[in-house]
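The values are calculated or read from the model by the stated rules, or taken from the named source; none is laboratory data. Since the model is a prediction, treat every value here as computed from it, not as a measurement. We place every Cβ from the backbone using ideal geometry, glycine too, and count neighbours over all the protein chains shown. Please note that ligands, DNA and RNA were not included when accessible areas were found on the heavy atoms of the full protein model with its side chains. Shrake-Rupley method; radii C 1.70, N 1.55, O 1.52, S 1.80 Å.
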Amino acid sequence: MPATPQATWWPRSLTTPRLHLRPVEPGDVPAHSRMWTDAEVRRHLGGPVDAEVVRARERLCVGAPGLLSIVRRADDEVLGSVLVQPDARDGRTEVSYQLLPEHWGHGYAREAVTAVADWAPVAAPGRDLVAVTQEANTRSRRLLEALGATLAERFVEFGRAQALYRLPASPR
């Protein structure tokens, strides 16, 4: 199946009861930079990103297709990000997410991933929606399983055991 044309699926904003997921804006860049360099956030993502890579990402992240800032509607604070990548894994659409540590445990990731999973079939019709996490990342694995995702594959990537989950089209 050919890649979904960017114009038909991006830019996109999604709204949930507590969150606004929107393309990255210039004012969001410091929060994204912090996620890329925070040791806790990056514990299961290969560690903090090198300063040169961070500078490049800072230049490229504003409006980048598929990258959404997770923003709390009550105060417009950037809590984290969600990335949607059609054709990322053998024609499957991959969703990845990260939140700053002070926002863990409040259900924000669940709310954001649910919104993306509800929308993703429109962005990439007929494609499986998957998420990959390190097997050691029990918090992320519990979240995916709570959303109804099923473990589809295990493999080693970047020197670590990974788990690929298939998300239902509309997890609840």
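Among the residues of segment 74-97, which ones are more than 15 Å from the chain's Cα centre (by Cα) and over 19 Å from residue 118 (Cα atoms)?
74, 75, 76, 77, 90
So in segment 112-133, with the set limited to residues that are open to solvent by 30 Å² or more (accessible area, probe 1.4 Å), part of a helix (DSSP H, G or I) and not charged (D, E, K, R), which one is modelled with the highest pLDDT?
Out of the qualifying residues, it is 121.
Any residue that is at pLDDT below 90, open to solvent by 70 Å² or more (accessible area, probe 1.4 Å) and among the β-branched types (Val, Ile, Thr) - is there at least one of those in segment 152-165?
Checked segment 152-165: no residue is at pLDDT below 90, open to solvent by 70 Å² or more (accessible area, probe 1.4 Å) and among the β-branched types (Val, Ile, Thr).
Does residue 136 fit the bill of being small (Gly, Ala, Ser), in contact (Cβ under 8 Å) with a residue 40 or more places away in the chain, within 19 Å of residue 47 (Cβ to Cβ) and open to solvent by 10 Å² or more (accessible area, probe 1.4 Å)?
In short, yes.
Right, residue 16: open to solvent by less than 20 Å² (accessible area, probe 1.4 Å) and modelled with pLDDT under 90 or not?
Criteria not met by residue 16.
Going through segment 23-49 one residue at a time, which ones are in a loop (DSSP other than H, G, I, E, B) and either at pLDDT 95 or above or at positive phi (or both)?
Hits for segment 23-49 are 24, 25, 46, 47.
Tell me yes or no: at least one residue of segment 56-71 is under 16 Å from the mean Cα position of the chain (by Cα), farther than 20 Å from residue 32 by Cβ and modelled with pLDDT of 95 or more. Before the answer, list the steps.
Let us first name the residues in segment 56-71 that are under 16 Å from the mean Cα position of the chain (by Cα), namely 57, 61-71.
Next, from what is left, pick out any that are farther than 20 Å from residue 32 by Cβ: none.
Within segment 56-71 (the criterion being under 16 Å from the mean Cα position of the chain (by Cα), farther than 20 Å from residue 32 by Cβ and modelled with pLDDT of 95 or more), the answer is no, since none of the residues qualifies.
Among the numbered criteria (1) touching a Leu at 6+ places or on another chain (Cβ under 7 Å); (2) under 22 Å from residue 16 (Cβ atoms), which one does residue 102 miss?
Going through (1) touching a Leu at 6+ places or on another chain (Cβ under 7 Å); (2) under 22 Å from residue 16 (Cβ atoms) one by one, residue 102 breaks only (1).
Just a yes or no: is a residue in segment 74-91 surrounded by fewer than 18 Cβ atoms within 10 Å (Cβ to Cβ), of a type in the set (Gly, Ala, Ser) and modelled with pLDDT under 95?
Step one: list which residues in segment 74-91 are surrounded by fewer than 18 Cβ atoms within 10 Å (Cβ to Cβ), which gives 74-77, 83, 85, 87, 89-91.
From what's left, of a type in the set (Gly, Ala, Ser): 74, 91.
Narrowing the set further to residues that are modelled with pLDDT under 95 leaves 91.
Yes, there is a match, as at least one residue in segment 74-91 is surrounded by fewer than 18 Cβ atoms within 10 Å (Cβ to Cβ), of a type in the set (Gly, Ala, Ser) and modelled with pLDDT under 95.
Pairs please, first residue from segment 79-95 and at positive phi, second anywhere and open to solvent by 30 Å² or more (accessible area, probe 1.4 Å) and of a type in the set (A, V, I, L, M), Cβ atoms under 7 Å, 6+ apart in sequence or on different chains.
87/3; 91/1
How many of the residues in segment 49-72 are under 12 Å from residue 29 (Cβ atoms) and either open to solvent by 60 Å² or more (accessible area, probe 1.4 Å) or touching a Ser or Thr at 6+ places or on another chain (Cβ under 8 Å) (or both)?
So the answer is 9.
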